[in-house]
1. Per the 1.4 Å probe, what fraction of the accessible area of the chain, in percent, lies on carbon and sulfur atoms?
2. For segment 44-102, what percent of Cα pairs sit more than 15 Å apart?
3. Given the -39500 (n - 2.57) contribution per DSSP H run of 4+ residues, what per-residue ellipticity at 222 nm results for the chain, rounded to the nearest 500 deg cm²/dmol?
4. In the chain, how does Rg compare with the Kirkwood Rh, expressed as the Rg/Rh ratio over alpha carbon atoms?
5. Take the Cα atoms of segment 80-128, build their convex hull, and give its volume per residue in Å³.
6. Relative contact order of the chain, please, whole-number percent, based on alpha carbon pairs below 8 angstrom and at least 6 residues apart.
7. What is the total of Lys pairs in the chain with C-alpha atoms under 29 Å apart, excluding same-chain pairs fewer than 8 positions apart?
8. So what is the accessible area of the chain per residue, in Å², with the probe set to 1.4 Å?
Amino acid sequence: AQHKDHNREIGLAAANQLAKGHSVIVHSCLGPHDERLRQLKNGDRQLIGLAMGAVLEACVAAYRPAAIGVAGGDTSSEIAHTLGIQAVSFAEPFFPGAPLCQAIQKSGTYDGMFFNFKGGQVGPPDYFVQMRKRFR
C-alpha cells in the first residue's frame, strides 16, 4: 500500500507540472551508478513496469496528456500490460523503430490515446523534446 500511495503521489505531481506547461520525465534511476539500479538487477524487473504504470494511471486520471512516451523495451511492455492496453495501431512515423501509435483498449481510459514506446537506444538525444514539439 505504501508503494501504491507513493506512485500515486508521483503521478499527481507529474500531472500538476504538466498542467503548468512543464515537461515531465519520470525515471527509475539516474544512471549506471545509481544504487536503485543495483537493487533492480537483484530483484524483479517487472516492478519497474508496475510502478511506472501506477504513476501513469494517476497522472492520466488527473491530467490527460496528448501523448505518452515510454523509453525502454521491457519497461514499455510492462507498462502497456499494467495499463491494460491490448494492442496498438500505427498512427504515424516518428523515428525508425519507434512509431507513434494509438492504444487499443476495449473499454478504458487509454483507448485511442497516443503512445510512443521506444527501446532504450532508439532515437536521438533530444527524442522527447521532439515528441513534445510534435504535440504542442
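1. Here carbon and sulfur together make up 54 percent of the probe-accessible area.
2. Here the long-distance tail beyond 15 Å is 53 percent of all Cα pairs in segment 44-102.
3. Helix contribution divided over all residues of the chain: -14000 deg cm²/dmol.
4. When Rh is taken as the Kirkwood radius, the ratio is 0.94.
5. Normalising the Cα hull of segment 80-128 by residue number yields 80 Å³.
6. That works out to 22 percent.
7. Qualifying lysine pairs in the chain: 9.
8. I get 62 Å² per residue for the chain.
The values are calculated or read from the model by the stated rules, or taken from the named source; none is laboratory data. Source: prediction; values computed, not measured. The area values use the complete protein model at the heavy-atom level, side chains included, leaving out ligands, DNA and RNA. Shrake-Rupley method; radii C 1.70, N 1.55, O 1.52, S 1.80 Å.
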